[in-house]
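Data block below; observations after.
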Amino acid sequence: MAENIDIKIILLGETGTGKTNLIITYYGEKFDINSKSTLDSKTNFKKLTINNRQCVINMWDTAGQEQYRSITKTFINGTDIVILVYDITRRDTFLELNYWFDTATLQLGENDVFGVAGNKSDLFIDAKVTPEKGELFAEQKGCFFSLTSAKKDPKSFEVLVEKLLEKYLKNKNIIKNSEKIIISEIKKKKKKFC
C-alpha cells in the first residue's frame, strides 16, 4: 500500500475575509456567523484520495491582523499550497493580496501552488471587487481562481482545493520523474568512465 502524502495548505488574507469559515465548512462543520477573528494559527487534518494517491490534508488558518503578520510568516515555511482569500465586499482585502502573495513567495519561492478565493460570493449584490478583477489578479500571478462562499456554497472551496491538490501532485510527480532521469544519466556517465 502506498504511503500517505502529507500536504500543508495555508490560507492567507486580511482579517474578516472568512478564512476560518472556509476551513470549518471544508472539514464538514457548520458555517458559524459568530466566528471570531483568528488570533493565532490553527491546523486541521483530512484524508483524501486524489489521482489514486492517499493524501493527508493539513490546512492552516492564520491571523490576518497586521500585528500578527510576523507570526504568520513563520507558519508559511514548509507550505505546499497557498490560498489567498479576500472578501468580495471589501476592496481593501483585495488590494492586500499583493502583500500576501509577495510574503508567501519570499518564504517559499515562486514554484509553489497558489489559489485565490474571492470569498462571500453570496453577498454578490454588495461586491466591491468584480470576478474579472479577481481572475485577472490570479492569472497575472499564475494562480487558480474561484468565487467561494462558506455560507451558501462550501462546495466551491472544495473544488478549488481539489484543483490545487491535483496541480501539486502533478508538479511533485514531474519533479520525481526528472530526478529519476538525472540519476539515470549520472549512472550512465559513471559506467562510461569505469
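The values are calculated or read from the model by the stated rules, or taken from the named source; none is laboratory data. Please read these numbers as outputs of a predicted model, since none were measured by experiment. So basically every Cβ, Gly included, is an ideal-geometry build from the backbone, and we count neighbours across all protein chains shown. Surface accessibility is based on the protein's heavy atoms, side chains included, excluding ligands, DNA and RNA. Shrake-Rupley method; radii C 1.70, N 1.55, O 1.52, S 1.80 Å.
Below is a table of values for the structure above.
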| quantity | calculated |
| --- | --- |
| All positions within the range 127-157 that are open to solvent by 50 Å² or more (accessible area, probe 1.4 Å) and either of a type in the set (Phe, Trp, Tyr) or part of a helix (DSSP H, G or I) (or both) | Glu132, Lys133, Glu135, Leu136, Glu139, Gln140, Lys141, Phe144, Lys155 |
| Residues satisfying the stated conditions in the range 91-125, i.e. part of a helix (DSSP H, G or I), polar (S, T, N, Q) and within 17 Å of Glu139 (Cα to Cα) | Asn98, Thr105 |
| The range 40-70, residues that are at pLDDT 60 or above, open to solvent by 80 Å² or more (accessible area, probe 1.4 Å) and under 21 Å from Asn21 (Cβ atoms) | Phe45 |
| Enumeration of residues in the range 73-126 that are out of contact with any helix residue (DSSP H, G or I) (no Cβ under 8 Å at 6 or more places or on another chain), buried (at least 16 other Cβ atoms within 10 Å of the Cβ) and within 21 Å of Leu165 (Cα to Cα) | Phe75, Trp100, Thr105 |
